[in-house]
Each structure stands twice: as structure tokens, then as C-alpha cells.
Amino acid sequence: MIDKNGVALRELFMKEFPPTEKTLEKPKAIIECYKEIPCNPCETSCPFDAIEIGEDINKRPEIDFEKCTGCGICAYSCPGLAISIREIDKEAKKAQLKFPYEFTPRPKQGHYVNVVDRSGEFLSEAKVIKVIDRPRQNKTALVHVEVDEQYLYDAATIEVIR
Ligand code: SF4
Ligand code: SF4
């Protein structure tokens, strides 16, 4: 379910989303960490104990969507940039997405960026709602963008338009 370029196919990444879209009416962390690797900052950073890996840190993380508040701490704490925060606004027909971002220059609030899929293909331009970039975030910003609701699942990250 991962193609020859290492890109997760839809049937794989959809398993990481909650079973019903209703859950995403509040912000939730979506963890796309498909390999068993010795790593656990997502688990240790979550103040709500929503992520579990357990004693064997080679295990893949599991999230409890009931406990997850969408705070975003795990997203900027994950060294693999494997976590995004996603929320759907049914009334406005918009998806609110927060992606970890390590590059400079940082995107700026109010500017537009490109949203791309897991293959790096362009999906949409998106307005930057906010950039959270505090010193404690280990040089990883959290970039909040708003896109049409149709991109809730397929959006993978952002690219700054130069
Ligand atoms: S978004 Fe916040 S509450 Fe949810 S899993 Fe990540 S750190 Fe925990
Ligand atoms: S911190 Fe990131 S890379 Fe490490 S186990 Fe958690 S999700 Fe996977």
C-alpha cells in the first residue's frame, strides 16, 4: 500500500483517519507513521495521553481520537513530520489544516501557499490563517491553512509560493 516512490496510497492513509467524518468537526491529529521505528516523541509530548506506543518504542503510534484536542504539540514534536492536524467546517465547506514546516523562509499569515498531495502534486492554493512558531517548537513551525473541504484527506503539506 506504499508505492515504489514511498508514497502512501489512499487506502493506507485513509486508515489513519477517524471512522466517521463527524469526529473531524473538531481538530484531530492524523498520524501517518507507517514503519516500525524506534521513536516516540509523539507519545511523550502529548499532554492528554492521546497517543500510545508503549514500552516497545518500535511499535507504531496509536491515537485515541476521543482524547485528542487537536492542540498540535505532537505535530511539531515529531521528527518525521508525520503528523498533521485536520478539521472540517461543514457549514463553510472548508477544511482547516495544520502542517509542520521546517523550511525558511516561513509562510506569512494572510499570504497564499500551494497545498500538495502525498506525491507532491499541486491540489490548491490556500490562505495562511496562522503560523505558530514558538522557540520551544524545535525550529518546526505549525502552519494553519484553509482549503476547500474536498482536500481534507488528500492534502499532505504546503509549499511556499516564490
Ligand atoms: S494534537 Fe495534541 S492532544 Fe492530539 S494527539 Fe497531538 S499532542 Fe495529543
Ligand atoms: S514521533 Fe513521529 S516519527 Fe516518531 S513514532 Fe511518532 S509519529 Fe512516528
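The values are calculated or read from the model by the stated rules, or taken from the named source; none is laboratory data. Source: prediction; values computed, not measured. Cβ coordinates were reconstructed from backbone atoms using ideal geometry, including for glycine residues, and neighbour counts include every protein chain displayed. Heavy atoms of the whole protein, side chains included, go into the accessibility calculation; ligands, DNA and RNA do not. Shrake-Rupley method; radii C 1.70, N 1.55, O 1.52, S 1.80 Å.
Could you say which residue among Glu16, Glu91, Glu66 is in contact with a strand residue (DSSP E or B) (Cβ under 9 Å, 6 or more places away or on another chain), within 25 Å of Ile132 (Cβ to Cβ) and of a type in the set (Asp, Glu)?
Glu16
Across segment 11-61, the qualifying residues are those that are open to solvent by less than 30 Å² (accessible area, probe 1.4 Å) and aliphatic (A, V, I, L, M), and the one among them that is farthest from ligand 2 (Cβ to nearest atom) is Leu24. In this structure, is Ile88 among the β-branched types (Val, Ile, Thr), part of a loop (DSSP other than H, G, I, E, B) and more than 12 Å from ligand 1 (Cβ to nearest atom)? So Ile88 fails the test. Of all residues in segment 133-147, none that is at positive phi has its Cβ atom under 6 Å from the Cβ atom of a residue that is surrounded by fewer than 20 Cβ atoms within 10 Å (Cβ to Cβ) and not aliphatic (A, V, I, L, M), 6 or more apart or on another chain. Of the numbered criteria (1) modelled with pLDDT of 95 or more; (2) within 28 Å of Glu36 (Cβ to Cβ), the one Val128 fails is (2). Looking only at segment 132-162, residues that are more than 26 Å from Lys22 (Cβ to Cβ), open to solvent by 40 Å² or more (accessible area, probe 1.4 Å) and within 16 Å of the chain's Cα centre (by Cα) come to 2 in all.
Could you run through segment 114-153 and say how many residues are of a type in the set (D, E, K, R) and closer than 27 Å to Asp3 by Cα?
6
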